[in-house]
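Below you'll find the structure I mean.
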Amino acid sequence: MEVKKLEKIYEGKAKIYYRTDRDGVLIQEFKDHATAFDGEKFAVIEGKGYLNARISALLFRELKRRGLENHYVDDYDDKSHLVLELKMIPVEVVVRNIAAGSLVKRLGFEMGKAISPPIVEFYLKADELHDPIVNRYHIKALGIADDDTLDELEVEALKVNDALVEVFNKASMKLVDFKLEYGRARDGCVILGDEITPDTCRLWDRETDNTLDKDRFRFDKGDLIEGYRVIYERLLRVVYS
């Protein structure tokens with residue numbers, strides 16, 4: 001699809017969005033910025049934006065192939081996608097398959113314990129409040145979404161989880177946990193937006209449990225680009241095999 005990049009409409013910690021000359025289609029550009037702990041830790045890491053863009057494109061295309069609708073339209077360039085413009089629902093949907101991170105700290109789960117069925121959590125997207133965990137009652141009281149929408153988010157997130165667990169397992173990785181963001185398209189349908197990258201997923205090597213995701217940057221567990229490149233190369237072999 002030939003499009004012209006117009007004005008910047010939003011810049012976040014990891015991505016920039018631009019309007020285009022195609023109604024309802026935006027450019028989503030991935031940055032080389034790495035942040036952690038509400039921006040307290042920051043670095044510019046060359047190649048991160050490219051790898052995140054490539055990984056997210058692979059996964060969104062695979063989800064579409066499996067009938068799971070999302071905002072990805074096409075590649076724009078090596079670091080950018082063409083995506084549908086959505087009215088985002090300000091809630092992060094987190095799915096947890098293996099105990100790690102805040103689940104261990106908050107609830108005392110044993111690190112690395114498999115969780116079945118997976119746990120679904122909601123977090124309010126609010127940087128100034130540090131994205132707190134919320135339940136249905138909070139979300140409804142804030143006027144963000146009703147029960148039907150929350151049911152839909154939970155069902156769709158678990159479908160995505162099933163697909164991604166299978167893909168990553170074939171690529172010799174464990175999908176520990178991940179977050180998704182959804183929005184409404186112009187027809188009112190709720191579809192998956194944002195990104196699916198090692199920034200938003202915890203991914204461990206299936207044999208060694210070595211960290212391959214952004215925890216390498218958060219907790220100094222190794223070279224971030226090396227981990228992201230391993231993820232990308234393994235996914236390439238699986239998706240195009």
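Quote the relative contact order of the chain in percent (integer), defining contacts as alpha-carbon pairs under 8 Å separated by 6+ residues. Please report the intermediate quantities before stating the final value.
Details: 443 pairs, mean separation 43.1, N = 241.
Here the relative contact order equals 18 percent.
Measure off 7 Å from each Cα along the Cα-to-Cβ vector at A126 and D205, then give the distance between these two points in nanometres to one decimal.
Label-label distance for A126 and D205, simple model: 4.2 nm.
Taking H placed 1.01 Å from N in the peptide plane, check which residues at least 5 places from A126 or on another chain put their amide H under 5 Å from its amide H.
HN-HN under 5 Å from A126: D131.
Using Cα pairs under 8 angstrom and six or more residues apart, how large is the relative contact order of the stretch 87-223, in percent? Write down the numbers at each step before the final one.
On the way: 210 pairs, mean separation 32.8, N = 137.
Averaging sequence separation for qualifying contacts and normalising by length gives 24 percent for the stretch 87-223.
Past the 32 Å Cα-Cα mark, which pairs from K4/K174; K8/K113; K15/K105; K5/K214; K15/K221?
Values: K4/K174 39 Å; K8/K113 43 Å; K15/K105 29 Å; K5/K214 29 Å; K15/K221 24 Å.
Correct reply: K4/K174; K8/K113.
Between the stretch 110-148 and the stretch 149-200, what's the alpha-carbon centroid distance in Å?
14 Å
State the antiparallel share, in %, of DSSP beta bridges confined to the stretch 87-223, rounding to the nearest 5.
Working: 25 of 25 bridges.
Here the antiparallel bridges make up roughly 100 percent for the stretch 87-223.
Here's something else I'd like to know. Explain nothing, just the number: dipole magnitude of the stretch 1-133 about its Cα centre with +1 on each Lys and Arg Cβ and -1 on each Asp and Glu Cβ, in debye rounded to the nearest 20. If you can, show how the numbers build up before the last one.
Values: 22 positive and 23 negative charges, 80 e Å.
Charge dipole of the stretch 1-133: 380 debye, to the nearest 20.
Further, regarding this structure: At a 10 angstrom cut-off on C-beta neighbours, averaged per residue, how do the peptides 38-47, 146-155, 22-31 rank from highest to lowest? Provide the component values of the computation, followed by the final result.
Working: 38-47: 11.2, 146-155: 14.3, 22-31: 18.7.
For the peptides 38-47, 146-155, 22-31, the packing ranking is 22-31, 146-155, 38-47.
Largest first, please: the extent of the C-alpha atoms of the chain along each principal axis, to the nearest Å.
The principal-axis extents, from largest down, are 50, 42, 38 Å.
Taking 20 °C and 1.002 mPa s as the conditions, I'd like the Stokes-Einstein D for the stretch 87-223 in µm²/s, using the Kirkwood hydrodynamic radius from alpha carbon pairs. Let's see the in-between values first.
Values: Rh = 15.8 Å.
It comes out at roughly 135 µm²/s.
Which value results for Rg/Rh of the stretch 5-84 when Rg is the Cα radius of gyration and Rh the Kirkwood radius based on the inverse mean 1/r? Before the final figure, lay out the partial values.
Working: Rg = 13.4 Å, Rh = 13.3 Å.
Dividing the radius of gyration by the Kirkwood radius yields 1.00.
Have a look at F217, M88, A145 and report the one farthest towards the positive end of the charge dipole of the stretch 87-223, computed about the Cα centre with Cβ charges (Lys/Arg +1, Asp/Glu -1).
Among F217, M88, A145, the one farthest towards the positive end of the dipole of the stretch 87-223 is F217.
On to the next question. Can you give the local net charge around K140? Use residues other than it whose beta-carbon is closer than 13 angstrom to its beta-carbon, Lys and Arg +1, Asp and Glu -1.
On the way: positive: R136; negative: D146, D147, D148, D151.
Here the count lands on -3.
Each value in this text was obtained by applying a stated rule to the coordinates, not by laboratory testing. As the structure is a prediction and not an experimental result, all values here were calculated from the model. Reconstructed Cβ throughout: ideal geometry from the backbone, glycine too, with neighbour counts over all protein chains shown.
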